[in-house]
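Single-structure report; data block below.
Values quoted throughout were computed directly from the atomic coordinates according to the rules given, and no laboratory measurement underlies them. Being a predicted model, the structure only gives us computed values, none of them experimental. Counting neighbours? That spans all protein chains shown, and the Cβs are built from the backbone with ideal geometry, glycine included.
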Amino acid sequence: MTASRAPAPMRFLLDAEQRAFARSLDAMLGAAGTAAAVRDWSRGDHGRGRALWSRIADAGVFALAVPEKHDGFGPRPVELAVAFVELGRHAVPGPLVETVAAAALLRDPGPAGRFLAALASGRSTATVAREGSYALDGDAATLRLALGADGLRLAPGHGPVRPSLDPARRLTRLLPGGELLTPAPAVDDALLWARLATAAQALGVGLALLERTVAHVGRRVQFGVPIGSFQAVKHRLADVKIALEFARPLVLGAAVTMSAADVAAAKASAGEAAYASARAALQLHGAIGYTAEYDLSLWLTKARALRTAWGTPDECRAEVLRAHG
């Protein structure tokens, strides 16, 4: 009788190809001037945002959520999470998560053949909402999907734009009616992918806020020394760093397992960590952090919005409790 071996520990480290993918996206987005695209998008000018979207699609990001038989590379949730961290880090505007959710909803053979290839290539952008609720960027999306009691419909249009906490997240109601695409959409799959992408995006937003705040406290001087040398400032930023580094393996681990409980835990953790990063950034930047003209605001408002998008922290924690209760 042979002695039993202990199971090998699970690792959440990215491989060389995944790290290179993240670096290439970071370099591309860093050179693209995303802040200007975000400000234009907030005003309803989608030109720069669409150009940026095309470059992101050319890098294969949306194809990661689309099966290979429909001109995609996926489904590859780990690589998608890696990509969305970078999209959050650079505050990229548009219905990014909603396009991923749409790809999950359109797996039915009929709609899939019509729409998935265009989503993978970036020729189409999608937004998703329940009938009667607000959809993100319904004025910019080329594909508007409405979830109703009878299934998934192709909404014929949208109503007026409603402002939101994040000016770059423009909300519209989808018009009722439209073609019924499938009576039984994969709502649970769409929620799973949307929460994973939102968690990764929130993690990237939190990391960007921390990086900007660390740089700021190293430059800002009080009493003849940088404020980053004060113990209270160090402790505040250390707490944020710990929260973000705790969330990172949860996001990557959830992308490996793709279980509803793991994804919900990652969403709650990343959303709260990003929000903590935003609060610390706002406090340590002082009054300048409140101004819309200062680029920090582009990440501050996004952190707050992503915290509750596709499931509040309480809703996600309840999902985890139900799975392990």
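So what's the back-of-envelope 222 nm ellipticity for the chain, counting only DSSP H runs of four-plus at -39500 (n - 2.57) apiece and dividing by all residues, rounded to 500?
-19000 deg cm²/dmol
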The value for segment 199-324 (convex hull of the alpha-carbon atoms, volume per residue, Å³) is 95
For the chain, modelled as a Gaussian network with Cα springs under 10 Å, which listed residue fluctuates most, 235, 158, 90?
-> 235
Please give the contour-minus-distance gain from residue 35 to residue 220: 0.36 nm per residue of separation, less the Cα-Cα distance, rounded to one decimal in nm.
-> 64.3 nm
Each label sits 7 Å from Cα toward the beta-carbon; between residue 295 and residue 50 the label points are separated, in nm, by 2.5
List every residue whose amide H lies under 5 Å from the amide H of residue 181, counting only residues 5 or more places away in sequence or on a different chain, with H placed 1.01 Å from N in the peptide plane.
-> 152, 153, 154
Once you have the Cα-Cα distance between residue 133 and residue 229, take 0.36 nm times their residue separation minus that, and quote the gain in nm to one decimal.
-> 29.8 nm
Label residue 242 and residue 323 with points 7 Å out from Cα along Cα→Cβ: what is the distance between them in nm?
-> 2.5
Could you tell me, in Å, what Rg and Dmax come out for the Cα atoms of the chain?
-> 20.2, 72
For a label point 7 angstrom out from the Cα of residue 187 toward its Cβ, which stretches of segment 137-171 have the backbone nitrogen within less than 19 Å?
-> 144-155
What does the charge add up to near residue 247, with Lys and Arg as +1, Asp and Glu as -1, over the other residues with Cβ less than 15 Å from its Cβ?
-> +3
Semi-axis lengths (Å, descending) of the ellipsoid that matches the C-alpha gyration tensor of segment 16-185 | 26, 21, 11
Starting from the Cα of residue 69, draw a straight line to each of the aspartates and glutamates and keep only those under 15 Å, dropping any in the same chain fewer than 8 residues away.
-> 108
Out of 238, 118, 31, any idea which swings most in a Gaussian network model of the chain, alpha carbons joined below 10 Å?
-> 31
GNM result for the chain, Cα springs below 10 Å: residue of 101, 91, 20 fluctuating most strongly | 20
Sequence-distant or interchain residues sharing an amide H contact under 5 Å with residue 74, placed H: which?
-> 66, 68
If you keep only loop residues by DSSP, which chymotrypsin sites (Phe, Trp or Tyr not before Pro) in segment 205-273 have at most 12 other Cβ atoms within 10 Å of their Cβ?
-> 223
3J(HN,Hα) from dihedral phi, segment 124-140, Karplus parametrisation 6.51/-1.76/1.60, rounded to Hz, x for glycine, proline | 10, 10, 10, 10, 9, 7, 6, 4, x, 10, 8, 10, 6, 6, x, 7, 9
Kirkwood Rh in Å, taken over all unlike Cα pairs in segment 128-228 = 16.4
List the lysines whose Cα lies under 27 Å from the Cα of residue 241, skipping any in the same chain that are fewer than 8 positions away.
-> 267, 302
